[in-house]
Each structure stands twice: as structure tokens, then as C-alpha cells.
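Below: one structure, written as C-alpha cells.
What follows draws every value from the coordinates through simple rules; no lab data is involved. The structure displayed is predicted, hence computed values, not measured ones. Glycine also receives a Cβ, built like all others from the backbone with ideal geometry; neighbour counts cover every protein chain displayed.
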Amino acid sequence: MIVAIDGPAGAGKSTVARAVADALGVGYLDTGAMYRALTLVALRDGVPIDDGAALAELARAHPVSLENGPGGVRVMMRGDDVTMAIREADVTGAVSEVAAHPEVRHEMVARQRQIMGHGDWVCDGRDIGSVVFPEAEVKVFLTASVDERARRRHAELTGRGERVDLRAIRDDVARRDHADSSRAASPLVVADGAVVVDTTGIGIDEVVGKIASMAREVAA
Ligand code: DC
């Protein structure tokens, strides 16, 4: 069974998806981490982020691997643990442009289908229910207001000791929404058959419980 969770930045997808995967006892695939890891190598290797063909080549040469462990998912690239590095501001600032290239998406989607070809998975991203796995048994479009998503991201970053401005974060969330929704290749859309879940003002546990019961009903 595949549970596809799509939605805009900051809707809580990765927290919810990981918790749903734990509740169901299945694997979790964070596709955003795959685009982020590619962006990180491109920045480190000086590959121009406006060159889709070169980025796709880089993705083929350096496939990212995601290891599910007790402490969460570890993101490995070329033998390095890049779990933290892929969350830094330079990567966050460049990843939308990297993810907009059709050649890059083609590579990533093939890899995602390969990884989830066997077994049961909870997967989060932007195009899982619409492009990667339109046949997913459970499809959720997780969203929340721009203000709420900016507040959550601000709390997450300040919790990590970073000094950040809420307004700048709000602008960044709005900019990424626009970039992800308006790109030509696989824009962020509510997939056919997806249930829209708005998490504004709702606790994570309630959202996780709701999605896990949807999945259990399908599996029953
Ligand atoms: O969910 P995130 O913030 O880690 O995603 C990082 C970027 O990757 C974001 O700009 C959207 C893009 N992305 C995508 O285009 N398709 C996916 N399946 C997952 C993420």
C-alpha cells in the first residue's frame, strides 16, 4: 500500500508522514530530501542550478540514499551524512529552481518508483499522488495557512538556535508556494482522489490519527 502525502512547504508533511509510517509500521520516503540532497551536491560541486541536463547527470552519478532508523531518517550522499546540511538556508533557497527542471524530475520520479516498488510506504512530496503514484491507495493533500506555516518554520529554526525574521520566512514560504505551484513540470496540485486536510490550528496527533485510520480502512 502507498500513502501519498502532498502539499506546500511547512504544512507539516514530513512530521505527519513519518508519524503515520511509524503508526502503520511501514517505510517512510521523504522526496523533498532527495531534491535537497541533489541541490547540496550541485552547490558544493559548482554545477549551475539553471542547467537541468547537468543536474540530472549529477543525480544519476550520485544517487542519494535515505536510511530509516530509530532517530529518524538519515540522508546519505557520497558516503557523507547530509541530514542537517540539506536543511540549511543556501539549499532551501536554491531547491525550488533545481526541482523545476523536467530532466531532474524525470530522474527523481524513476528513483522514487524504484524505491517504493516493493512493500508498503508512506511518501511525502509535491507530486506523489499526481505523478509518482497516481494509483496510491491513500492520497492526502496536507495544507495550512501561509501565516501558520511561517510560524511553524520560525519556531523550528529558532528552536535550532538560528536567528531568523518571521516576515522573511513568511515571504520565503509564499515565494516557494508560488514557485512550486506555477512551474511547468509537475506543479503542486491537489491530485485526483486526494483528501484535503487543513492543519491550521489542529494538533499533529489528530492529523496523524486521521490519516492512519484512512490507511487502515483501505487495508482492511
Ligand atoms: O518538502 P521540502 O521543503 O523538503 O521540499 C524541498 C523542495 O523540493 C521544494 O521546493 C519542493 C520540491 N519538491 C518537489 O518539487 N517534489 C517533491 N516530490 C518533493 C519536493
Residues being under 25 Å from Gly209 (Cα atoms) and surrounded by fewer than 21 Cβ atoms within 10 Å (Cβ to Cβ): count how many of those fall in segment 117-142.
6
Restricting to segment 129-153, name every residue that is assigned to a helix (DSSP H, G or I) and acidic (Asp, Glu).
Asp147, Glu148
Yes/no for His118 being within 23 Å of Thr200 (Cβ to Cβ) and either basic (Lys, Arg) or without any contact (Cβ under 8 Å) to a residue 40 or more places away in the chain (or both)
no
The residue from Val208, Val164, Val131 that alone is of a type outside the set (Asp, Glu), without any contact (Cβ under 8 Å) to a residue 12 or more places away in the chain and in contact with a helix residue (DSSP H, G or I) (Cβ under 8 Å, 6 or more places away or on another chain) is Val164
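Restricting the search to segment 167-184, which residues are near the ligand (Cβ under 9 Å from one of its atoms) and of a type in the set (Gly, Ala, Ser)?
So the first thing to find is which residues in segment 167-184 are near the ligand (Cβ under 9 Å from one of its atoms), and the list is 176, 179-180, 183.
Within segment 167-184, just Ala179 meets the criteria.
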In segment 10-52, anything near the ligand (Cβ under 9 Å from one of its atoms), of a type outside the set (S, T, N, Q) and under 14 Å from Ala94 (Cβ atoms) is listed as Gly32, Tyr35, Arg36
Those residues of segment 179-208 which are within 20 Å of the chain's Cα centre (by Cα), exposed (fewer than 13 other Cβ atoms within 10 Å of the Cβ) and assigned to a helix (DSSP H, G or I) amount to Ser181, Ser182, Ile204, Asp205
Within segment 61-68, identify whether any single residue is within 25 Å of Leu142 (Cβ to Cβ) and assigned to a loop (DSSP other than H, G, I, E, B), and answer yes or no.
yes
